1. What's the angle, to the nearest 10 degrees (0 to 90), between helix 67-80's Cα axis and the longest principal axis of the chain?
2. Note down the magnitude of the dipole of the chain about its Cα centre, charges +1 on Lys and Arg C-beta and -1 on Asp and Glu C-beta and zero elsewhere, to the nearest 20 debye.
3. When only C-alpha pairs under 8 Å and at least 6 residues apart count, what is the relative contact order of the chain, in percent?
4. Work from the charge dipole of the range 19-126 (Cβ charges, +1 for Lys and Arg, -1 for Asp and Glu, about the Cα centre) and give the residue of 33, 112, 101 farthest towards its positive end.
5. Could you order peptides 134-140, 64-70, 190-196 by the average number of other Cβ atoms within 10 Å of their residues, highest first?
6. About the Cα centre of the range 1-102, how large is the charge dipole given +1 on each Lys and Arg Cβ and -1 on each Asp and Glu Cβ? Please answer in debye to the nearest 20.
7. Roughly to the nearest percent, how much of the accessible area of the chain is carbon and sulfur, given a 1.4 Å probe?
8. First check a/c for the range 76-220, with a ≥ b ≥ c the square roots of the eigenvalues of its C-alpha gyration tensor; if it is under 1.5, answer rounded, and if not, answer prolate when a/b is larger than b/c or oblate otherwise.
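The values are calculated or read from the model by the stated rules, or taken from the named source; none is laboratory data. Remember, predicted model here, so these are calculated numbers, not experimental data. Positions of Cβ are backbone-derived with ideal geometry, glycine not excepted, and every protein chain shown enters the neighbour counts. Quick note on the areas: whole protein, heavy atoms, side chains included, nothing else; ligands and nucleic acids left out. Shrake-Rupley method; radii C 1.70, N 1.55, O 1.52, S 1.80 Å.
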Amino acid sequence: ATTVVSGDTLRAREILRSTGGGSLSWMTTWPGNLYWFDDTGTGFVAYRVIGRVAVTTGGPVCPPDALRRSLVGFADFCVGNGWTPCLYSVSAEVRSVTDALGWSSVQVAQEAVLMLPDLAFTGKKFQDVRTALNRAQKAGVRAEWLSYADAPLVITDQIVAISEEWVAEKGMPEMKFTLGGLDELDDRDVRCLIAVDDDRTVHAVTSWMPVYRDGVAVGW
């Protein structure tokens, strides 16, 4: 069955499509998030309350000139509910505002961005990648885009099996807060890329979240 999307999530998606957001902003629409919407209806913050802390999924999704107003508005909302706001996985622009407000911050990771037009698997450090590409080509394995929600059962059953095997090997549950799983893949706005051979055996699967600009998906 397709994942049911709440009214607040639909509202957040419409704002995200029109204002753009960042490369990770689609995570704000995942199941389990609550939403604070600004007074203008053009911005929101996705969050979850853990204990007395409101942990966000990224920074505000809003027009650039409304960033500070949205951050202050969300902070006031949290204080009014007796929560401590904690912004997780935010941009440098958000951090510059919170620094000015006197908030503390710590870098826990950094997003990697690949410039695809300039990407070339040359040199010794990419030898393993070239070997894998050559083996895949000889074995008839190719990349194929699809929508998980519309894919045939013979494909989705294999994707479920791959996911379950991956989870079993980790000895811990899926960390869905910012990594996602099958529920987040079951979304027609998300693109699914599989490695599949001529026998329709799925060897690997990745999911790709949309990035919008002016109401149009400009990348995944």
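1. For helix 67-80, the angle is close to 70 degrees.
2. The dipole magnitude comes to about 520 debye.
3. So the answer I get is 22 percent.
4. Looking along the dipole axis, the top candidate is 112.
5. Peptide ranking by packing, descending: 190-196, 64-70, 134-140.
6. For this selection, approximately 220 debye.
7. Summing carbon and sulfur atoms, their accessible area is 56 percent of the total for the chain.
8. Prolate, because a/c is 1.5 or more and a/b exceeds b/c.
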